[in-house]
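The structure appears below as structure tokens.
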Amino acid sequence: MAAFLVIAAIVMLIDQFTKQLANAHQVGETFSTLIPGVLQLTLVHNTGAAWGMFGDWTNGLVVLGLVVCIFILCFVMFNSNNTNALMVISCSLIFAGGLGNAIDRFINGYVVDMIEVVFIDYPVFNVADCAITIGVVLLCINMLFFNKRG
């Protein structure tokens, strides 16, 4: 449980810090090019989910995010003796990302996104989104290859 909380806290701090840095700029402004023609930082305020889906459903997304986070927290608390390190890491990443975006939606009414992939048409995202995606991939790997239950 301690590892879960430490990982989640670190990811949430990084997420909130990067969002504060991004919010110092104007919406739509590209404020840094990380890899020319590949990756840049552009401030976007997203009221919906990925690709702007559910744009008018901010409160519902807050509730949904919190419900998922509570479920993950309960799962980790009640299964701490039956989980491996990969499960703990994946759950902490999903939890931190979900909570980070829920905090944004609750406080601001939108999620602060800033990481933009330039060479393809892909939504602008943030550290919380990265954490959720990596957490889900690790969870799937864990379930496919390391799950002891047949």
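Where a number appears in this text, it was derived from the coordinates with a stated rule and is not lab data. Remember, it's a predicted structure, so these values are computed and weren't measured experimentally. FYI the Cβ positions are ideal-geometry reconstructions off the backbone, even for glycines, and counts take in every protein chain you see.
So how much slack lies between Ala9 and Ile70, counting 0.36 nm per residue of separation and subtracting their Cα-Cα distance, in nm?
Working: separation 61, 0.36 × 61 = 21.96 nm, distance 1.52 nm.
Additional length available on full extension: 20.4 nm.
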Charge tally for neighbours of Gln20 with beta carbon under 14 Å away, counting Lys, Arg as +1 and Asp, Glu as -1, is -2
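If you take every residue apart from Val112 with its C-beta less than 15 Å away from the C-beta of Val112, what net charge results, scoring Lys and Arg +1 and Asp and Glu -1?
It works out to a net charge of -4.
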Simple SL model, points at 7 angstrom along Cα→Cβ for Asn108 and Phe145; separation in nm is 3.5
Note: Gln26 to Val63 extended length (0.36 nm per residue) minus current alpha-carbon separation gives 10.5 nm
Taking the alpha-carbon centre of each part, the distance from region 70-117 to region 127-146 in Å is 11
Calculating Cα Rg over 2.2 N^0.38 Å from this structure picks out, from [x] 1.04; [y] 1.10; [z] 0.93, entry [y]
